[in-house]
Amino acid sequence: MKPRTRIQKEVVRLSGGLPDLTGKQAAYAFEHCFKHYAHRTKGGIITCTKCGHRWKSGHPLAETVCGCTCPHCGMELEVLDTRKRLFKDTEYYSVITARKGYQVLRYFMASVTRRVGQPAEYSLIEVVQWWIAPDRPTRLSSRRTGDRPNPARHAV
Ligand SMILES: [Zn+2]
């Protein structure tokens with residue numbers, strides 16, 4: 001929708017000046033929004049789906065019940081015995097900030113694609129902003145569905 005009122009135009013102008021997420025914020029989203037899996041073959045080879053590291057299973061029952069820790073990246077992993085080799089997830093991540101008298105709630109769509117044996121690929125796309133002020137009506141600013149994501153913008 002094209003901004004028409006003074007407040008709508010102000011929100012659009014201020015929205016353009018919001019900073020990108022920092023690398024630390026993006027890394028937090030990627031670590032805490034998703035479960036991290038270890039893929040285990042019938043032969044007992046475990047592959048971390050976060051970093052792609054492989055190693056031989058030591059205690060299959062304990063790993064099934066308690067999970068395991070990747071010796072390369074240190075991530076706590078849930079062990080999956082499956083022939084599936086591609087895992088995709090999407091979650092939402094939000095950041096609360098303030099700008100020129102507004103409280104701004106920024107929502108990001110976080111996505112991960114994990115292929116067994118390769119490092120995971122992550123992306124963050126900002127989808128919605130809520131602009132809240134005590135003396136002005138609340139405004140919603142959303143990304144048009146046709147907008148192309150810019151994965152490099154939030155790459156970690
Ligand atoms: Zn790992």
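The values are calculated or read from the model by the stated rules, or taken from the named source; none is laboratory data. This one's a predicted model, so the numbers in the text were calculated from it and none came from an experiment. Neighbour counts are summed over all protein chains in view; Cβ atoms, including those assigned to glycine, are modelled from backbone coordinates with ideal geometry.
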Pairs where the first residue, in segment 47-73, is over 20 Å from Arg83 (Cα atoms) and the second is more than 9 Å from the ligand (Cβ to nearest atom), C-beta under 7 Å, 6+ apart:
Thr69/Glu76; Pro71/Trp55
Here the residues within segment 60-71 that are within 19 Å of His32 (Cα to Cα) and within 16 Å of the ligand (Cβ to nearest atom) are Gly67, Cys68, Thr69, Cys70
Give segment 49-59 a look and list any residue that's crowded, with 17+ Cβ neighbours inside 10 Å and more than 14 Å from the ligand (Cβ to nearest atom), or say none.
Ser57
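For (1) among the polar types (S, T, N, Q); (2) under 21 Å from Val127 (Cα atoms), each residue gets a yes or a no:
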{"position": "Ile45", "(1), (2)": "no, no"}
{"position": "His53", "(1), (2)": "no, no"}
{"position": "Pro60", "(1), (2)": "no, no"}
{"position": "Glu63", "(1), (2)": "no, no"}
{"position": "Met75", "(1), (2)": "no, no"}
{"position": "Thr82", "(1), (2)": "yes, no"}
{"position": "Ser94", "(1), (2)": "yes, yes"}
{"position": "Val104", "(1), (2)": "no, yes"}
Within segment 3-40, of all residues that are assigned to a loop (DSSP other than H, G, I, E, B) and without any contact (Cβ under 8 Å) to a residue 12 or more places away in the chain, the one nearest to Phe87 (Cα to Cα) is Thr22
Segment 97-134, residues that are within 11 Å of the chain's Cα centre (by Cα) and either at pLDDT below 90 or closer than 15 Å to Tyr37 by Cβ (or both)
Val112, Thr113, Glu121, Tyr122
Filter segment 100-142 down to the residues that are surrounded by 17 or more Cβ atoms within 10 Å (Cβ to Cβ) and either among the basic types (Lys, Arg) or not in a strand (DSSP E or B) (or both) and list them by number.
Arg106, Arg114, Val116, Ala120, Arg139
Quick one: how many residues across segment 72-99 are assigned to a loop (DSSP other than H, G, I, E, B) and within 14 Å of the ligand (Cβ to nearest atom)?
4
If only one of Ile132, Ile46, Ile125 is farther than 17 Å from Leu21 by Cα and either touching a helix residue (DSSP H, G or I) at 6+ places or on another chain (Cβ under 8 Å) or within 16 Å of the ligand (Cβ to nearest atom) (or both), which one is it?
Ile46
Surrounded by 14 or more Cβ atoms within 10 Å (Cβ to Cβ), within 29 Å of Leu140 (Cβ to Cβ) and either among the aromatic types (Phe, Trp, Tyr) or more than 13 Å from the ligand (Cβ to nearest atom) (or both): is that true of Phe34 in this structure?
yes
